[in-house]
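The structure appears right after this line, and notes come after that.
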Amino acid sequence: MQSIEQLLQVSANLYKHLGEIPEERDSYIENINAMLDKRGIFIKRLQEENFKFDAQNRVHNTLLELDNGIKQRLAVVMEAVKKDMANLQKTKKSEEQYFNPYANVRVMDGMYYDKKN
């Protein structure tokens, strides 16, 4: 039963960590990955021990609620990262257009047709 308690502790820490998204996300995402890896190890141990979910057990229900909350908060973090990436691409494109405004203009310069024979 110690694996369940460890999984509960890691899940609670991950849930708490996902509660607030900071501006500096590199270390934040690294911490999320580390916690997810640690959580995955405990889940694998429970599977090897032939863990069975019991709806009457309070700890099992707490784990289920934490898992659903973690999924929701991870979705929010993913959306925030996607939004930042889209904004970065938009900014990058705007900057390129600012520095080279004629990059997208196709000019057939130097081609003249002489209609006289």
query: Just how far, in whole angstrom, is the range 70-101 from the range 2-40 if you go by their alpha carbon centroids?
result: 24
task: State the percent of C-alpha pairs, over all pairs in the chain, separated by a distance greater than 16 angstrom.
output: 72
- prompt: Quick one: length gained pulling K90 to N68 fully straight, 0.36 nm per residue minus the C-alpha distance?
  reply: 4.6 nm
Point-charge dipole on Cβ atoms (K/R +1, D/E -1) for the chain, about Cα centre, debye to 20: 460
statement: For 73-81, 34-42, ranked highest to lowest by mean beta-carbon neighbours within 10 Å, the order is 34-42, 73-81
- request: At a Cα cut-off below 20 Å, give the aspartates and glutamates reachable from K44, other chains included and same-chain residues fewer than 8 away excluded.
  value: E5, D54, E65, D67
- prompt: Using alpha carbons only, how many degrees (0 to 90, rounded to 10) separate the axis of helix 58-99 from the longest principal axis of the chain?
  reply: 10
message: What's the ranking of 7-13, 63-69, 97-103 by average number of surrounding C-beta atoms within 10 Å, highest first?
response: 7-13, 63-69, 97-103
field: Sulfur and carbon atoms: percent of accessible area, the chain [1.4 Å]
entry: 51
Pairs from K16/K82; K38/K90; K38/K71 whose Cα-Cα separation, in the structure shown, is over 27 Å: K38/K90
- request: Starting from the Cα coordinates of the range 29-71, work out the convex hull volume and express it per residue in Å³.
  value: 69
message: Which residue, S11, I29, Y98, has the largest displacement toward the positive end of the dipole of the chain when charges sit on each Cβ (Lys, Arg +1; Asp, Glu -1)?
response: Y98
message: Per 0.36 nm of contour for each residue apart, how much would the distance between E20 and Y102 grow if the chain were fully extended, relative to their Cα-Cα spacing?
response: 25.2 nm
- line: Expressed in nanometres to one decimal, the distance between label points 7 Å along Cα→Cβ at E30 and A55 is 4.4
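The values are calculated or read from the model by the stated rules, or taken from the named source; none is laboratory data. Just so it is clear, the model here is predicted, and its values are computed rather than measured. Cβ atoms come from the backbone with ideal geometry, glycine included; neighbour counts cover every protein chain shown. What goes into the accessible areas is simple: the full protein's heavy atoms, side chains included, and nothing from ligands, DNA or RNA. Shrake-Rupley method; radii C 1.70, N 1.55, O 1.52, S 1.80 Å.
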